[in-house]
1. Looking at (1) touching a Phe, Trp or Tyr at 6+ places or on another chain (Cβ under 8 Å); (2) surrounded by 20 or more Cβ atoms within 10 Å (Cβ to Cβ); (3) at negative phi, which is the only condition ASP289 fails?
2. Before we move on, is LYS146 modelled with pLDDT of 95 or more, within 24 Å of LYS477 (Cα to Cα), in contact with an Asp or Glu (Cβ under 9 Å, 6 or more places away or on another chain) and crowded, with 24+ Cβ neighbours inside 10 Å?
3. Of the residues ALA328, ALA336, which is without any contact (Cβ under 8 Å) to a residue 40 or more places away in the chain and either within 22 Å of VAL280 (Cβ to Cβ) or among the β-branched types (Val, Ile, Thr) (or both)?
4. For the condition farther than 30 Å from LEU133 by Cα and modelled with pLDDT under 90, what is the one hit in ASP58, ASP71?
5. Can GLU28 be described as in contact (Cβ under 8 Å) with a residue 12 or more places away in the chain, within 30 Å of LEU257 (Cβ to Cβ) and acidic (Asp, Glu)?
6. List the number of the failed condition for ASP389; all other conditions in (1) surrounded by 23 or more Cβ atoms within 10 Å (Cβ to Cβ); (2) more than 16 Å from VAL331 (Cβ to Cβ) hold.
7. Report whether or not ASN193 is in contact with a His (Cβ under 6 Å, 6 or more places away or on another chain) and either within 16 Å of SER221 (Cα to Cα) or among the basic types (Lys, Arg) (or both).
8. Give just the number: which of (1) in contact with a helix residue (DSSP H, G or I) (Cβ under 7 Å, 6 or more places away or on another chain); (2) over 21 Å from TYR287 (Cβ atoms) does HIS368 not satisfy?
Amino acid sequence: MRSISMETVEAKRAEILATLKDKTATHEQKVTYLARHAENFMTVLDEPKELDELMRCDQEDRCICNLFEGDAPYRPRYICPDYPKFMKEGSAFLQLDPPKDLFEALNNLQILYHNVPSITNYPVYIGDLDLLLEPFVKDLDDETVKKALRLFLTSVDRTILDSFCHANIGPTMTRAGMLLMEVEGELQNAVPNLTMRVSKDTPDEFVMAGIECALRCAKPSFANDRMFRSELGDDYCIASCYNGLYKGGGSYTLCRLLLAGIAKRSKNIQDFKENQLPYVMDVMARYMDARVRFLVEESGFFESNFLALEGLIHRERFSAMFGLVGMAECVNDLLAKEGIEGRFGHSEAADKLGVEIMEQINAFCNAHPAPYCEATGGHYLLHAQVGIDSDKHSSPGTRIPIGEEPAELIDHLKNINLFHKYFISGTGDIFPVDLTVHKNHKFLLDIIRGSFDLEIRYLSFYGSDSDVIRVTGYLAKRSEIEKLAEGHNVLLNTTGLALGATRNCHAQDRRVR
């Protein structure tokens, strides 16, 4: 366990005082930030000593990031309750009987959401809403259902103050799903995030309704149901940004390799592959091992939380996510050190090196024995992390850097196709669409269908003039970002992340298609 210096204590005191005085933070945001300060002050883990060199160092030298989970994990990062079980049986702890109609169903869900924790303190998965609600809409007319959905979705947006909250629809076409998208397009809220799972049997009518909705409010995104189902089985869900996880389970933790930092400390490609990358991966894996063991063996979460006691989650359905960012910058730096021309996404040499790096990381993940990850064969799942607001010169996952996207969409998709297959627990790419050019939205249907015949896992689109935009994997409103930039309070925590991503990562400057 680490000792804490007086310098660290004083630094923490300054951070806490700054939070207390922050005029742009709401009361609830301050409470969340203060709790995070406390988590980050603890030193309970038996962690690798090499973290001081790789993570607790100057930002420009970091090679590992724990994504602000804190050093005392007391709940899993992502929790995906078994909502069908809840709807069928109710909850003794919450004193709720199974719902008998749509209004009771929506009310029960809202109560459960308030009691589902995560890294954000809000639920990151709120269920397959179309399938959950379909039995309750059969005897109601469209206007009654839409009024109930408007109230429900407005409440979700105003009380789950973080757009990592995620709902799923599809792959089956449902009346509830169609009405939900109609209402989402009308409300244009940033919460909840939404994914449509698309299979070869999903009707074009349903996908087209999703496209129309996405071009109005940046959701739903579209997931390749064939890929996720082949890897995780039928009981998977998409949570948080685009994370494939098990229903009734989730992810204990998510740490990420900062590939650009690892390339920086490497002499050349050989040094990167043979020395630096294996060293950093080993340290991060052992750090994740320590986090998982503390959570399972010492925190008491799975022995005391009502979700586990009532069978809404099962520890055996949890895994953890071995993340990475900055593949593009890593490849470009390594090629430059070798005097080789080419940039990621634009040359065969660069893409080939990227694939070689991914193969090495994938092999390591498949060989490392991860504690308490029975659900995924005793190994961690790879995850292309979307980045954070403070990232500089480091693109999300394996994405081509903003501003360097290929002119032709087909060339961009060819690059994506090389990398999506590795990331069972999530990856995705984002495309703003010029609605003055693409008036025929079947253009996007063809892209989705063609991409999902390949090994492309997850695609997101939004209208270039939409107020709601997809920042990295989460949603935000341009109008709210501008409001925060002017020093005013805003409701959603993620608007602050979006402002940082706009300033540091140029998230609003993607090539418009």
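1. (1)
2. Working: modelled with pLDDT of 95 or more: yes; within 24 Å of LYS477 (Cα to Cα): yes; in contact with an Asp or Glu (Cβ under 9 Å, 6 or more places away or on another chain): yes; crowded, with 24+ Cβ neighbours inside 10 Å: no.
Answer is no for this residue.
3. Values: ALA328 fails: without any contact (Cβ under 8 Å) to a residue 40 or more places away in the chain.
After ruling out the rest, the residue left standing is ALA336.
4. Working: ASP58 fails: modelled with pLDDT under 90.
Among ASP58, ASP71, only ASP71 is farther than 30 Å from LEU133 by Cα and modelled with pLDDT under 90.
5. On the way: in contact (Cβ under 8 Å) with a residue 12 or more places away in the chain: yes; within 30 Å of LEU257 (Cβ to Cβ): no; acidic (Asp, Glu): yes.
So GLU28 fails the test.
6. ASP389 satisfies all of (1) surrounded by 23 or more Cβ atoms within 10 Å (Cβ to Cβ); (2) more than 16 Å from VAL331 (Cβ to Cβ) except (1).
7. Values: in contact with a His (Cβ under 6 Å, 6 or more places away or on another chain): yes; either within 16 Å of SER221 (Cα to Cα) or among the basic types (Lys, Arg) (or both): yes.
Yes; evaluated as a whole, the condition is true for this residue.
8. Exception for HIS368: condition (2).
The values are calculated or read from the model by the stated rules, or taken from the named source; none is laboratory data. Not measured: the values here are computed from a predicted model. Here the Cβ is made from the backbone with ideal geometry for all residues, glycine too, and neighbour counts use every protein chain on show.
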